[in-house]
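Student: Provided herewith is a single structure, encoded as structure tokens, for subsequent inquiry.
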Amino acid sequence: MSAPDVFPPAPEVSAAAHISSFEKYQEMYEKSVREPSEFWGEIANEFYWRVPPAQPFLNYNFDVTKGKIFIEWMKGAVTNICYNVLDRNVHEKKLGDKVAFYWEGNEPGDSTSITYAELLKKVCQFANVLRDQGVKKGDRVSIYMPMVIELVVAMLACARIGAIHSIVFAGFSAESLCERILDSHCTLLITADGFFRGDKLINLKLIADEALKKCTEKNYSLKKCIVLKHLARDDAICDGSSKTSPPCKRLCQNVQGNKQNRARQAVPQTTWNPSVDLWWHELVKKASMECEPEWCDAEDELFILYTSGSTGKPKGVVHSVGGYMIFTATTFKYVFDYHQDDVYWCTADIGWITGHSYLTYGPLANGATSVLFEGLPIYPDISRMWQIIDKYNVSKFYTAPTAIRLLMKYGEEPVKRYSRKSLKILGTVGEPINPEAWLWYYNVVGEKRCPIVDTFWQTETGGHVLTPLPGATATKPGSATFPFFGVVPAILNESGEELEGEAEGYLVFKQPWPALMRTVYGNHERFEMTYFKKFPGFYVTGDGCRRDKDGYYWITGRIDDMLNVSGHLLSTAEVESALVEHSSVAEAAAVSHPHPVKGECLYCFVTLRDGHEFTKSLTDQLKKLVREKIGPIATPDYIQNAPGLPKTRSGKIMRRVLRKIAKNDRELGDVSTLADTAVLQQLFENRCQTIQS
Ligand code: WTA
């Protein structure tokens, strides 16, 4: 490969950056881990506190053998995160007229925007609605909504009154929503009539109704369900009076007629239970636009977000007000090197942690302007992303490797149809990015001028923990590079010994940073068991990691995606990365498979690019490639043709399901998070198209 292995930041990028050299990063990093209270104390001073943080600034126990695990930052200090991300920007920083969000709908031309001052009013108004409905500090509110501005309004309204939001991704099933409502004992649900994902209608209210019915069957009844008229509102708003209905500036004239037709068809299906259901637009009419925030302790719970657990039952990850606020704000500022004239776009859904931290709280805390996109990357055509970048002059763009690989399949031409000249920094998150996709992102999308920040973190970590800083870090494709401020990583072997220098093993963290999760909702023991039991004294990420000779960290995938072939620890991600380097392969997933002699072996699923054939010669080439890239030990035993892979709605490959398919085991367990169940049948059928060595 002729491409360089290391990509130092361009001098002009460094010159303009908050952190302009690696030395400056190291200096700040040293301080952040040696004197965390002082380091974060200075940052906390930039925020508004009713009662400022006092000593001890940080108090914690990471060691199960010494007692209960707990993490407290700034306990006793009093603030409100909604006040800090809205009122402070409007009143103190005078950013009231600045756009907080450009909303871009599923259909091109369906767009609107909202300023900080307008957002503050809407949030206050809805916070009053929630209070009118009896929601109090500490109550849990479920939010099950599409990617609309009102989703942000709903979550910030909860934060304003000290209620705990639990956002459930709008792609989840009724069963999953019910399970999450029950686990968190929510008293109120906020949803919408429906939305379009591409040309597919998602009748959200019907799914929500089904979820509430399931809750009732389990003897749990929600008090109220507030329903946003999203599908149907176009007709109401597009009557020429849009300018007079503040704060909506919907540019409806360009909306394709078919959307309105579809919306009309969809509306009558909205079911209604008058004793529970309430229309959002009717409630807000009567509510005041002023609302005194509920002043909260820094350690009060801010939100619950469910993430999958190894037992199958999702875990309610709990984040608290103060630490999460300062950490998401700081990571956003430094990792995306945020400046006031930036237009930032994070493509993640707010239903996932990335949408919480880097579409909502982090950017808003910095007074940033963001794009909030309702649609899909390749709808209505494969250039949609690049078109949106040009439309809003996006300067910082944050997406997932799976989206990059999808877009890569269509080649360079759809990208080059648009200039993308506004782009300055590109980010990725969610899974290890294979160097091929990294290079495509860098060379084609960013035209070699935009640094890539490969940000490693988890729902549990609240914000970035391993990441390059664009003006300071020389990047290596596929490596999340170095720890963020306050984060102390270590690599352990199976017996819990810390490995120094070049090493591979379990990625753990030695001390808390402000946004580390505080507990699993309603089950502190599960929190301790999952993250602290295996290696006392450390937070265990569940990810495998390699540190190279230069000290760079490389995430090798979940530990449960690691396999031990004849006593050698291997990561499925490394094998996948090798497979996708072959010109016939669009995507690959490798899983471990029982083997009588080796213990475990590799079973690989490959999705071929259009026009390529699955042949014995191809599988021979693929095996050779893996052997060459990683070593003979990694040679796959099986390669199966997989025209489609089982993915969650956020795009993660469900390797657990693939392991079952490899074994021809049809007891797949919980597949409720699977985006498209049709691929399963095909994968079972294609097992005969498996070529074994
Ligand atoms: C994986 C998403 C490699 C990792 C923010 C982690 C990554 C899990 C990266 C958390 C990355 C996330 N490189 N792997 N840059 N980012 N992961 O909770 O396995 O949805 O443990 O949070 O995604 O996924 P979660």
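The values are calculated or read from the model by the stated rules, or taken from the named source; none is laboratory data. Owing to the predicted nature of the structure, the values given are computational and were not obtained by experimental measurement. So basically every Cβ, Gly included, is an ideal-geometry build from the backbone, and we count neighbours across all protein chains shown. Calculation scope for accessible area: heavy atoms of the full protein, side chains included, ligands and nucleic acids excluded. Shrake-Rupley method; radii C 1.70, N 1.55, O 1.52, S 1.80 Å.
Student: Among 456-463, 40-47, how do they line up from the highest to the lowest mean number of other beta-carbon atoms within 10 Å?
Tutor: Most protected by this proxy first, the peptides run 456-463, 40-47.
Student: When the accessible area of region 559-678 is split by element with a 1.4 Å probe, what percent falls to carbon and sulfur?
Tutor: Here it works out to 48 percent.
Student: What three numbers, in Å, describe the spread of the alpha carbons of region 465-528 along their principal axes, ordered from the longest?
Tutor: Projected onto the principal axes, the Cα atoms of region 465-528 cover 42, 30, 19 Å.
Student: So for region 275-419, taking the charge dipole from beta-carbon charges (+1 Lys/Arg, -1 Asp/Glu), which of G323, T354, V276 sits furthest toward the positive end?
Tutor: Among G323, T354, V276, the one farthest towards the positive end of the dipole of region 275-419 is T354.
Student: Right, another one. Over region 438-479, what is the relative contact order in whole percent, taking alpha-carbon pairs under 8 Å and six or more residues apart?
Tutor: Across region 438-479, relative contact order equals 34 percent.
Student: I've got another one for you. How large is the charge dipole for the chain, taken about the Cα centre, if only the Cβ atoms of Lys, Arg (+1) and Asp, Glu (-1) carry charge, to the nearest 20 debye?
Tutor: So the dipole magnitude of the chain works out to roughly 1180 debye.
Student: What ranking, highest mean first, results for peptides 649-657, 150-158, 275-283 when packing means the other Cβ atoms within 10 Å averaged over each residue?
Tutor: 150-158, 649-657, 275-283
Student: Scan region 131-188 for trypsin sites (Lys or Arg not before Pro) in coil per DSSP, keeping those whose Cβ has at most 16 other Cβ atoms within 10 Å, and list them by number.
Tutor: Passing sites in region 131-188 are K136, K137.
Student: Quick check on the chain: helices-only [θ] at 222 nm, where DSSP H runs of length 4 and up contribute -39,500 (n - 2.57) each and the sum goes over total residues. Nearest 500, please.
Tutor: It comes out at -8000 deg cm²/dmol, rounded to the nearest 500.
Student: I would also like to ask the following. Starting from the amide H of F196, placed 1.01 Å from N in the peptide plane, find each other amide H under 5 Å away whose residue is 5 or more places distant or on another chain.
Tutor: I202
Student: Then there's this: Give me the net charge of E412's neighbourhood, meaning all other residues with Cβ under 15 Å from the Cβ of E412; Lys, Arg count +1, Asp, Glu -1.
Tutor: +4
Student: Return the carbon/sulfur percentage of the accessible area of region 304-393, one whole number, probe 1.4 Å, all protein chains in place.
Tutor: 52
Student: Would you calculate the convex hull of the Cα atoms in region 53-111 and tell me its volume per residue in Å³?
Tutor: Once divided by residue count, the hull of region 53-111 is 147 Å³.
Student: So, in Å, what gap is there between the alpha-carbon centers of region 274-296 and region 104-127?
Tutor: Result: 16 Å between the Cα centres.
Student: Hey, another quick one. Considering only protein heavy atoms and a probe of 1.4 Å, how much of the accessible area of region 1-125 is carbon and sulfur, as a whole percent?
Tutor: 52
Student: How many Å² of accessible area per residue for the chain, probe 1.4 Å?
Tutor: 38
Student: Summing Lys, Arg as +1 and Asp, Glu as -1, what charge do residues with Cβ under 11 Å from the Cβ of K333 carry, K333 excluded?
Tutor: -3
Student: Considering only Cα-Cα distances, which of the following residue pairs are longer than 21 Å: K409/K652; K223/K313; K214/K313; K75/K533?
Tutor: K223/K313; K75/K533
Student: Based on Cα positions only, what radius of gyration and what Dmax would you give for region 102-160, in angstroms?
Tutor: 12.9, 40
Student: With θ set to phi - 60°, apply the Karplus curve 6.51 cos²θ - 1.76 cosθ + 1.60 along region 390-399 and write out the HN-Hα couplings as whole Hz, x wherever there is a Gly or Pro.
Tutor: 5, 4, 9, 6, 5, 9, 10, 10, 10, 9
Student: Moving on. Run through the DSSP bridge list for the chain and note the antiparallel percent, rounded to the nearest 5.
Tutor: Bridges in the chain that DSSP calls antiparallel: roughly 60 percent.
Student: Assuming 1.567 mPa s and 4 °C, estimate D for region 542-662 with Stokes-Einstein, Rh taken as the Kirkwood radius over Cα pairs, in µm²/s.
Tutor: Answer from the Stokes-Einstein relation: 88 µm²/s.
Student: Moving on to the next point. Beyond 24 Å, what share of the Cα-Cα pairs of region 311-438 is found? Please give it as a whole percent.
Tutor: Across region 311-438, Cα pairs with separations above 24 Å total 31 percent.
Student: In cubic angstrom, how much convex hull volume per residue do the alpha carbon atoms of the chain span?
Tutor: Per residue, the Cα convex hull of the chain comes to 157 Å³.
Student: Net charge around K421, counting only other residues with Cβ within less than 11 Å of its Cβ (Lys, Arg = +1; Asp, Glu = -1)?
Tutor: +1
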